[in-house]
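Okay, so here's the structure we're looking at.
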Amino acid sequence: MVDHVKRYFLSTFCRCGNNKKKAFAFCRPCFLFLPHGLRENLYKHFDNGFKTSYRLAAEYLKTHGKWP
Ligand SMILES: [Zn+2]
């Protein structure tokens with residue numbers, strides 16, 4: 001079963017609606033919008049902390065109005 005984080009990770013659309021590269025968490029504008037501390041954790045291996053980092057970053061983007 002593929003969970004939703006992995007589905008976004010493997011898709012070519014960012015949750016903001018922009019295109020993004022497959023196996024990247026977010027499109028470039030969303031990624032650059034994140035503070036440094038949240039960004040570097042997104043380089044972690046998918047099964048080794050990435051999901052938690054993704055959730056924190058997603059929360060941040062939602063709170064700051066980047067995502068609907
Ligand atoms: Zn985006």
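A short reminder: the numbers here are calculations on the coordinates, not readings from a lab. Please read all numbers here as calculations on a predicted model, not as lab measurements. For neighbour counting, all protein chains shown are included, and Cβ atoms are generated from backbone atoms with ideal geometry for every residue, glycine included.
What the table below lists for this structure:
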| quantity | calculated |
| --- | --- |
| The chain, helix-only ellipticity at 222 nm - DSSP H runs n ≥ 4, -39,500 (n - 2.57), divided by all residues, nearest 500 | -12000 deg cm²/dmol |
| Selected from Ala58, Phe13, Asn48, residue furthest toward positive end of dipole (the chain; charges at beta carbon) | Phe13 |
| Segment Ala23-Asn41, extension gain: residue separation times 0.36 nm, minus the distance between their alpha carbons | 5.0 nm |
| Charged-residue dipole, Cβ positions (Lys, Arg, Asp, Glu), the chain about Cα centre, Debye nearest 20 | 200 |
| 3J(HN,Hα) from dihedral phi, the range 35-49, Karplus parametrisation 6.51/-1.76/1.60, rounded to Hz, x for glycine, proline | x, 3, x, 7, 5, 5, 5, 6, 8, 5, 4, 3, 8, 10, x |
| Percentage, to the nearest whole number, of Cα pairs in the chain over 21 Å apart | 12 |
| Whole-number percent relative contact order across the range 4-63, with pairs defined as alpha carbons under 8 Å at least 6 apart | 23 |
| For the range 50-56, 3J(HN,Hα) per residue [Karplus equation, 6.51 cos²θ - 1.76 cosθ + 1.60, θ = phi - 60°, Hz, x = Gly/Pro] | 4, 4, 4, 4, 4, 4, 5 |
